[in-house]
Structure formats: structure tokens, C-alpha cells
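Inspection log for the structure reproduced underneath, given as C-alpha cells.
The values are calculated or read from the model by the stated rules, or taken from the named source; none is laboratory data. Here the structure is a predicted model, which means the values were calculated and not measured. Glycine gets a Cβ as well: all are built from the backbone with ideal geometry, and neighbour counts include every protein chain shown.
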Amino acid sequence: MADGRVELMDRAAAAARLPEFAALLEMALRAQSRARAGYSGFQVGAAVLGASGAAFPGCNVESASYGATICAERSAIVGAVSAGETAIRALAVVTPTPEPSTPCGICRQLMAEFGPDVIVFAASSLSDVVLITTLAMLLPLSFGAANLDEAAR
């Protein structure tokens, strides 16, 4: 993914890209089944691979006060950080759509805290299709700590 492409492939090809992909996908699928999506019906599961090699699941949890809703990706990232991870290598997200859906803007912004090289695997829970890219492709010209540092000077 160093060349900044977005690629579509099947799950077997995705597993060839990252040895931990199959375990991340299984974790994300289990988390998806636990999602609380009573308003949208859009159950999402995610799993984050930390730099230590540990993986952390997350699911979306909706609230009647929509602003209190948390996405699966952010749920997984918060779990990883709570467990002591300081870096994220990859994130897998599964959505109930024939073609994979990528993380929303808020999730992309939180992922930016861990750098542009985070590998993103967006998968479908209805098909074998996986989209693979990097955060840099999903969020070019992101806002981050460097912007705040520049303003402080």
C-alpha cells in the first residue's frame, strides 16, 4: 500500500497481504453481531491490530441522542488505547453491505492520530469483497498535531 492505492480483492488475497487479517476479520464479524444498531439497523464491527500484535474488537453502539452514538472503529481504537497500545498497524471494519463501506470521517480523524500508514481493510459481511487502502488515501491532508504545533509558534 506504499503507493497509495485503493484495491478490491477477496478475503484470501487480503490475508496474503497481512497474516493477521483472518483473525482481525473474524474478530470484527463477532463484534458486528453484538452491535447495538436499533435506530439505523446498520450493524458494524471492527478490529484494530496494535503495534504489540494484540487485537481489539469494537462495534457500533447507537443512542437515541445521535451525537452519543459511537462507531465500531472508534470503539476498537478506544479499547486498544485503554489496553496500553500506543500505535496501530491495521484496522478491519465489516459492514452489512454487498460492497464494503469505509470508515466515516470522524473515525478517519481519530485514526489519523496513529499516522497515515495505518492499513485499512473494509470488508463486507455479505460477500467476499475486501477493500484495502491506507489512512493517507482515505484522509489526505489530515488535520493533526503538526497543525496545532504550527499555530503555537
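I need the full set of residues from the stretch 1-34 which are modelled with pLDDT of 95 or more, of a type in the set (G, A, S) and out of contact with any Phe, Trp or Tyr (no Cβ under 8 Å at 6 or more places or on another chain), in order please.
Scanning the stretch 1-34 gives A12, A13, A16, A22, A23, A28, A31, S33.
Looking at the stretch 121-137, which of its residues are part of a strand (DSSP E or B) and either out of contact with any Phe, Trp or Tyr (no Cβ under 7 Å at 6 or more places or on another chain) or farther than 13 Å from T97 by Cα (or both)?
Correct list: F121, A122, A123, S124, V129, L131, I132, T133, T134.
At least 3 residues that are under 13 Å from the mean Cα position of the chain (by Cα) and more than 14 Å from I132 (Cα to Cα) in each: list the strands (runs of 3 or more DSSP E) lying fully within the stretch 15-120 that qualify.
In the stretch 15-120, the matching strands (runs of 3 or more DSSP E) lie at 45-50, 55-59.
V130 passes all but one of (1) under 20 Å from A23 (Cβ atoms); (2) surrounded by fewer than 24 Cβ atoms within 10 Å (Cβ to Cβ); (3) among the aliphatic types (A, V, I, L, M); (4) in contact with a helix residue (DSSP H, G or I) (Cβ under 8 Å, 6 or more places away or on another chain); which number fails?
Tallying (1) under 20 Å from A23 (Cβ atoms); (2) surrounded by fewer than 24 Cβ atoms within 10 Å (Cβ to Cβ); (3) among the aliphatic types (A, V, I, L, M); (4) in contact with a helix residue (DSSP H, G or I) (Cβ under 8 Å, 6 or more places away or on another chain), V130 fails exactly one: (2).
Could you check, for the stretch 5-14, whether at least one of its residues is of a type outside the set (D, E), assigned to a loop (DSSP other than H, G, I, E, B) and on the phi > 0 side of the Ramachandran plot?
No.
Filter the stretch 138-153 down to the residues that are in a helix (DSSP H, G or I) and over 20 Å from the mean Cα position of the chain (by Cα), then identify the one that is farthest from P100 (Cα to Cα).
The qualifying residue farthest from P100 (Cα to Cα) is A152.
Are there any pairs, at least 6 apart or on different chains, whose C-beta atoms fall under 7 Å, with the first in the stretch 36-56 and closer than 15 Å to V118 by Cβ and the second assigned to a loop (DSSP other than H, G, I, E, B) and among the aliphatic types (A, V, I, L, M), and if so, which?
G50/A87; A51/A87; F56/A83
Please work out which one of (1) in contact (Cβ under 8 Å) with a residue 12 or more places away in the chain; (2) surrounded by fewer than 19 Cβ atoms within 10 Å (Cβ to Cβ); (3) more than 22 Å from Q109 (Cβ to Cβ) is the condition A16 fails and give its number.
Condition not satisfied by A16: (1).
How many residues are in contact with a strand residue (DSSP E or B) (Cβ under 6 Å, 6 or more places away or on another chain) and over 22 Å from L126 (Cα atoms) if we restrict to the stretch 76-94?
6
Can you tell me which residue among A37, A64, A47, A54 is modelled with pLDDT of 95 or more and crowded, with 21+ Cβ neighbours inside 10 Å?
That would be A47, the only listed residue that is modelled with pLDDT of 95 or more and crowded, with 21+ Cβ neighbours inside 10 Å.
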